[in-house]
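To start, the structure itself, in structure tokens.
The values are calculated or read from the model by the stated rules, or taken from the named source; none is laboratory data. None of these values were measured; they are calculated from a predicted model. Reconstructed Cβ throughout: ideal geometry from the backbone, glycine too, with neighbour counts over all protein chains shown. Ligands, DNA and RNA are stripped out before the accessible areas are found, and what is left, the full protein with its side chains, is counted by its heavy atoms. Shrake-Rupley method; radii C 1.70, N 1.55, O 1.52, S 1.80 Å.
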Amino acid sequence: PEQCGAINRFVCFFTLPLITFEFTAHVDPYKWNYRFIGADAISKVIIVVVLVLWGKCSSKGSYSWSITSFSLCTLTNSLVVGVPLIRAMYGSSAVDLVVQSSVVQAIIWLTILLFVLEFRRTGSIDIVSSSTSVDTRVQSVDPQGKDVEAMEEITISTRPSFWYLMKAVWVKLGMNPNSYAVFIGIAWAFIANRY
């Protein structure tokens, strides 16, 4: 287990960010195919709608499984697997499409997915908010004139604010080296292709 964990950390924190940076830095953002990116976004939105309906209307559906299904259906690792296959079948112009979709996926869709996962972690999606029980002692007088001390339990529901969720998402993005690789790579691509 220790060796597998070390290999996973090496891939997550070193190899994959370098591959992501290498592909992202060599794309020309001024020549992107915005129709392709739009079609990709529309397909992801359709999948989101179908999964939300499934989670809401089906007895076997749940929001947790909808989130997992969305990430498995749409957020593929196309840089590692897709680029060699596409390059062999269609050439470098198709590789540009794969890289474009991967960049948009890393910047937009993975950020949204992190937000939804953090939202789920807090229990807000299932309308289960964290609650705190507070015991209060109430002094009252019964009809015979005696003081009666009663215990009441008041439940105070707290729901994290939007800004708390956004802060948690940005902290997780800040700790993810793949995010740095994409943002630095796209910034490099903008500068290199402009000047």
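Descriptive notes on the structure:
- Single unsatisfied condition, VAL83 versus (1) modelled with pLDDT under 85; (2) among the hydrophobic types (A, V, I, L, M, F, W, C); (3) part of a helix (DSSP H, G or I); (4) within 23 Å of LYS172 (Cα to Cα): (4)
- Contact annotation: residue pairs with Cβ atoms under 7 Å, 6 or more positions apart or on different chains, pairing a residue in segment 53-64 that is in a helix (DSSP H, G or I) with a partner that is among the β-branched types (Val, Ile, Thr) and open to solvent by less than 100 Å² (accessible area, probe 1.4 Å), are TYR63/ILE125.
- Subset of segment 23-36 (residues that are part of a helix (DSSP H, G or I) and surrounded by 13 or more Cβ atoms within 10 Å (Cβ to Cβ)): PHE23, THR24, ALA25, PRO29, PHE36
- Summed over segment 5-21, the residues that are surrounded by 13 or more Cβ atoms within 10 Å (Cβ to Cβ) and of a type in the set (D, E, K, R) give a count of 0.
- Number of the condition not met by VAL81 [criteria: (1) touching a residue at least 60 places away in the same chain (Cβ under 8 Å); (2) exposed (fewer than 13 other Cβ atoms within 10 Å of the Cβ)]: (1)
- For segment 65-78, the candidate set comprises residues that are open to solvent by 40 Å² or more (accessible area, probe 1.4 Å) and part of a helix (DSSP H, G or I); within that set, the residue that is nearest to LYS31 (Cα to Cα) is CYS73.
- From the list VAL81, VAL99, VAL104, the lone residue that is in contact with a Phe, Trp or Tyr (Cβ under 6 Å, 6 or more places away or on another chain), within 26 Å of THR68 (Cα to Cα) and of a type outside the set (D, E, K, R) is VAL99.
- The lone criterion from (1) small (Gly, Ala, Ser); (2) exposed (fewer than 12 other Cβ atoms within 10 Å of the Cβ); (3) touching a Ser or Thr at 6+ places or on another chain (Cβ under 8 Å) left unmet by SER101 is number (2).
- Subset of segment 182-195 that is open to solvent by 10 Å² or more (accessible area, probe 1.4 Å) and touching a residue at least 40 places away in the same chain (Cβ under 8 Å) - its residue that is farthest from ILE19 (Cα to Cα): ARG194
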